[in-house]
Amino acid sequence: MWIVRVATAAVVAVTFGQAAGAALPQTMRAAAIDKAGGAEVITLHTLPVPKPDADEVLIAVDTADVAVWDASVRAHPEELKHGGFPLVLGTDGAGVIAAVGSQVRGFKPGERVYSYMWDNPKGGFYAEYVAVPARQVGHLPPGLSLRDAGAIAASALTAIQGVDDALHISSGETVIVHGAAGGVGSLALQFAKLRGARVLATASGADGASFVKGLGADMVVDGRKGDILAAARQLVPEGVDAVLAFAGGDALERCLEALKPGGRVAFPWGVSPEPKGDINVRSSTRYNAVAGPREFERLNQAIVAAKLRVPVAAEYPLADAAKAHERLEAGHVLGKVVLRMSTP
């Protein structure tokens, strides 16, 4: 279950002695669930502010990402190791360091940071405060707002690691970004362009096509109704080098048909159904995003170099977390959905 640990007096003195500004509150608002279910089970709770351990930081959250995996956790909390109730949702977000543990180096109160932490035993980011290990935290790169950073910590790590680590995209290659209008795909498209690739993006609807074209796609095809193979052959007759997939099903199988012999495919955990494989596929990689100091450093460099655009489709106050999930599950979200801890 999510655990709000009661620190010893010594730890409190060390931790809160390094807090910025006024004394921290004892309680906070959080959007949490008390049972599995639909969006309606998310309600506003008053919970204790978590106490960071020696290797952790306490973040005063500004913005939390609302992602498809949050909806999965809401419906199936038993899949988490720390899935007891009340369960504060949210795997990533951004804010300001409020306090640091005695062993933490490289962070200090008042700094702007973002973080990704799956299955955090001290609670998620749908809250005014979150305590996470310092190794799961990155400083904000220049020019990135707290709102935009809060939207992308998990998604941007997933995107850049798909481009660089799973597929090793290099300049001059052609890649299909399948599901390019979504929260991860819209970032992966930009990172693939940064690496010098030509990008065939799949998206649904005229608005989705216009959206990904505006993000830099060289060609766009409707992933549900369009002829993906014909579009790929028009862009590169010999076949594409790689497919980076953020959606599964029949459309993904059609993407694989567009690979040249020896092509590569990669997709993060959660893409369902997974690709069945194709005669042209040399390697198929399923991966999870990893957060760490090196990962955030590389991500920050890519964000600055790409002049990354963070499309936020919808923004809700913390109290409306259930409505945010309803919007997410309604589908056809172009970009990201976020929660703000205070009303904009």
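The values are calculated or read from the model by the stated rules, or taken from the named source; none is laboratory data. This structure is a prediction, so every number in the text was calculated from the model and none was measured. Every residue, glycine as well, gets a Cβ built from its backbone with ideal geometry; the counts of neighbours run over all protein chains shown. Accessible surface is based on the protein model in full, side chains and every heavy atom, while ligands, DNA and RNA are left aside. Shrake-Rupley method; radii C 1.70, N 1.55, O 1.52, S 1.80 Å.
Among the listed values (1) 34, 23, 19; (2) 30, 23, 20; (3) 37, 20, 17, the one matching semi-axes √(5λ) of the Cα gyration tensor in Å as calculated from this structure is (3). Extending each Cα 7 Å along its Cβ direction at Lys307 and Ala330, get the distance between those two points in nm, one decimal. Taking the simple label geometry, Lys307 and Ala330 are separated by 3.3 nm.
Can you grab the distance from the C-alpha centre of segment 326-340 to the C-alpha centre of segment 139-185, Å, no decimals? Rounded to whole Å, the Cα centres lie 18 Å apart. Here the accessible area of the chain is 53 percent carbon and sulfur, with a 1.4 angstrom probe and all protein chains present.
Rounded to the nearest 10 degrees, the inclination of helix 293-306 to the longest alpha-carbon principal axis of the chain is 60 degrees.
Note on the chain: dipole from Cβ charges, positive end direction compared against Phe125, Ala206, Phe191; the farthest Cα belongs to Phe191. Just so you know, the averaged projected area of the alpha carbon convex hull for segment 105-198 sits at 7.5 nm². The distance separating the Cα centre of segment 289-320 from that of segment 46-109 comes to 16 Å.
Excluding ligands, DNA and RNA, the accessible surface per residue across the chain is 41 Å² with a 1.4 Å probe.
Per residue, the chain reaches -8000 deg cm²/dmol at 222 nm when only DSSP H runs of four or more residues are counted, each adding -39500 (n - 2.57).
Need one word for segment 263-344: rounded, prolate or oblate. Basis is the Cα gyration tensor (sqrt eigenvalues a ≥ b ≥ c); a/c below 1.5 gives rounded, then a/b vs b/c decides. Before the final figure, lay out the partial values.
Details: a/c = 2.54, a/b = 1.47, b/c = 1.73.
The shape class here is oblate.
The Kirkwood hydrodynamic radius of segment 181-325, based on inverse pair distances between different Cα atoms, is 16.4 Å. Using a simple spin-label model with pseudo-atoms 7 Å out from Cα toward Cβ, Tyr287 and Glu111 lie 2.6 nm apart. Relative to the Cα centre, the charge distribution of segment 301-344, modelled as +1 at Lys and Arg Cβ and -1 at Asp and Glu Cβ, gives a dipole magnitude of about 240 debye.
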